[in-house]
Amino acid sequence: MNSLTDNALMLKVKAGDLDRMGLLFERHYKPLFGFLYRMTADRESSEDMVQNVFLRMLKYRHTFKGNGEFRTWMYHLARNVLNDHHKGNKRHAAPLAQEPGDVADEAPENTMEEQVHLLNRALNKLSDENREILVLSRYQELAYREIAQILDISEANVRVRIHRAMVQLKSAYLKLAD
Amino acid sequence: MEKIIDYINGELPEHEKRAFEERLALDPELRAACEEEKALWNLMAEIKAPAVNEHIKSRFLDTLQVYKEAAAPRPGFLSRLKEIWNFQPQLKLSYALVLLCVGLGTGLYLNRKNHGEIARMSAEVSEMKQMMVLSLIENPSATERIRAVSMTQEIRNVDDTVIEALLSTLNRDPNDNVRLMTLEALTELADNPKVREGLVQSIVLQTSPIMQSAMADVMLKLQEKRSVKPLQKMLNRDDLNSTVKDKVEQTIQEILI
């Protein structure tokens, strides 16, 4: 049963075999949590949002066509859930920027740790759009083709946006490191 | 320069990749830029997200179970009868005729009957439903309790006993989904002052973030000024989730406007 592809499982869910959703959850809840956490820096909300994404899959299972990849559909729904979350939190500030320890003079002394700390701060200074594309590419390890489908843009546009986001990240990082 | 990140990501088409590598070999400036970008890309991998709490797996499986049971069609006597019936298509026409006659007869009969009789029957049905709600709402299965709560929406005049049972479920039921459904059902009955009062009193009793947040939504929808005090009291809780806190503060402001 474990050898079934995500698409095959989701098509079974669509046909009424709702138990298969448990296996899809098992396969994807960790990376999905990673994505939501990196976009919000709120652990509890991210856990709630993981549940919401999978509940939406159940609710909107009839819309799953099976011709695209399950993973891109999942991130598509996750972005909608994320948007609703941001709308609910009108006072949404840049994520992670509110994290404790995000003060320059509290940076760890170890060089490697300090670099990671500064880079994390730089990443959180990026706009949601720039951070999102880097998270999808670097942490979710999605191909440009998949990112293009999720964001509903062309692959060429993905290339441009990733390049732009990296330039901004480097500039923010160097500014903090000075 | 734009191609560096695509190269690192393995996203350059084969011919572009070869051309880029040739340039890399000849251009020390490009090589340095590429190394720098690769170092940054690798450093990004060191930023770790916390491990996800394993309990969300069992929480989802519980929810899936409830969802599945609620969505499942209930095969009963009628559906079995239907199956048998499908094997005997020749009887369908005669059945339809009998049904037509019975329908006409019943229509005529009911027309002549006193309207009071119909009202009495409808009241009896309503009373029966209320009794079913009261018995199902104590059931150990969360699905059955959700069924009980949904049933209240079919009752025309919900009496005080049912309202008390719903309020008690809202305050004490261990399952988040059951409490959420109950809140939804009670919101429909919010014209009743007793329900409003019960909802306001329930605010401080809710401890799960999802219920606290839903409570704030309902109070905003009802524009219930009396909820401001208990909502403020909720803000003083040490264990209050920061997202819920923001939302409650916002809700209080919007209610007060």
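If B:Asn192 satisfies all but one of (1) open to solvent by 60 Å² or more (accessible area, probe 1.4 Å); (2) more than 14 Å from chain A (Cβ to nearest Cβ); (3) not basic (Lys, Arg), what's the number of the condition it fails?
(1)
Which count do you get for residues in segment A:144-170 that are surrounded by fewer than 12 Cβ atoms within 10 Å (Cβ to Cβ) and either within 9 Å of chain B (Cβ to nearest Cβ) or over 22 Å from A:Val81 (Cα atoms) (or both)?
Number of matching residues: 2.
Tell me whether segment A:35-58 contains one or more residues that are more than 9 Å from chain B (Cβ to nearest Cβ), among the charged types (D, E, K, R) and open to solvent by 60 Å² or more (accessible area, probe 1.4 Å).
Taking every residue of segment A:35-58 in turn, at least one turns out to be more than 9 Å from chain B (Cβ to nearest Cβ), among the charged types (D, E, K, R) and open to solvent by 60 Å² or more (accessible area, probe 1.4 Å).
What is the residue count in segment B:58-70 for residues that are open to solvent by less than 70 Å² (accessible area, probe 1.4 Å) and over 16 Å from A:Leu18 (Cβ atoms)?
Residues meeting the conditions: 1.
Give the residue, chosen from A:Pro100, A:Pro95, A:Pro108, that is part of a loop (DSSP other than H, G, I, E, B), more than 10 Å from chain B (Cβ to nearest Cβ) and either surrounded by 15 or more Cβ atoms within 10 Å (Cβ to Cβ) or modelled with pLDDT of 85 or more (or both). Show your work before the answer.
Details: A:Pro100 fails: either surrounded by 15 or more Cβ atoms within 10 Å (Cβ to Cβ) or modelled with pLDDT of 85 or more (or both); A:Pro108 fails: either surrounded by 15 or more Cβ atoms within 10 Å (Cβ to Cβ) or modelled with pLDDT of 85 or more (or both).
Step by step, each of A:Pro100, A:Pro95, A:Pro108 is checked, and only A:Pro95 is part of a loop (DSSP other than H, G, I, E, B), more than 10 Å from chain B (Cβ to nearest Cβ) and either surrounded by 15 or more Cβ atoms within 10 Å (Cβ to Cβ) or modelled with pLDDT of 85 or more (or both).
So which residues in segment A:15-47 are in contact (Cβ under 8 Å) with a residue 60 or more places away in the chain and not hydrophobic (A, V, I, L, M, F, W, C)? Please lay out each step first, then the result.
Of all residues in segment A:15-47, those in contact (Cβ under 8 Å) with a residue 60 or more places away in the chain come to A:31, A:34-35, A:38-39, A:41.
Of everything in segment A:15-47, those that are in contact (Cβ under 8 Å) with a residue 60 or more places away in the chain and not hydrophobic (A, V, I, L, M, F, W, C) turn out to be A:Pro31, A:Gly34, A:Arg38.
Tally up the residues in segment B:216-243 that are open to solvent by less than 80 Å² (accessible area, probe 1.4 Å) and more than 14 Å from every other protein chain (Cβ to nearest Cβ), please. Full working, then the answer.
Residues of segment B:216-243 open to solvent by less than 80 Å² (accessible area, probe 1.4 Å): B:216-220, B:222, B:224, B:227-228, B:230-231, B:234-235, B:237, B:240-243.
Now narrow it down to the ones that are more than 14 Å from every other protein chain (Cβ to nearest Cβ): B:218-219, B:222, B:224, B:227-228, B:230-231, B:234-235, B:237.
Total satisfying the criteria: 11.
When you scan segment B:1-110 for helices (runs of 4 or more DSSP H) that lie fully inside it, which ones turn up with 2 or more residues that are more than 11 Å from every other protein chain (Cβ to nearest Cβ) and modelled with pLDDT of 90 or more?
B:14-26, B:28-44
Against the definition (at pLDDT below 95, open to solvent by less than 40 Å² (accessible area, probe 1.4 Å) and closer than 29 Å to A:Arg71 by Cβ), how does A:Asn130 come out, yes or no?
no
Kindly check whether there is at least one residue in segment B:32-46 that is free of Cβ contacts under 8 Å to residues at least 24 places away in the same chain and surrounded by 17 or more Cβ atoms within 10 Å (Cβ to Cβ).
The answer is yes; a qualifying residue exists.
The values are calculated or read from the model by the stated rules, or taken from the named source; none is laboratory data. Quick caveat: nothing in here was measured; it's all calculated off a predicted structure. A quick note on method: Cβ atoms are made from the backbone with ideal geometry, for glycine too, and the neighbour counts reach across all protein chains shown. Calculation scope for accessible area: heavy atoms of the full protein, side chains included, ligands and nucleic acids excluded. Shrake-Rupley method; radii C 1.70, N 1.55, O 1.52, S 1.80 Å.
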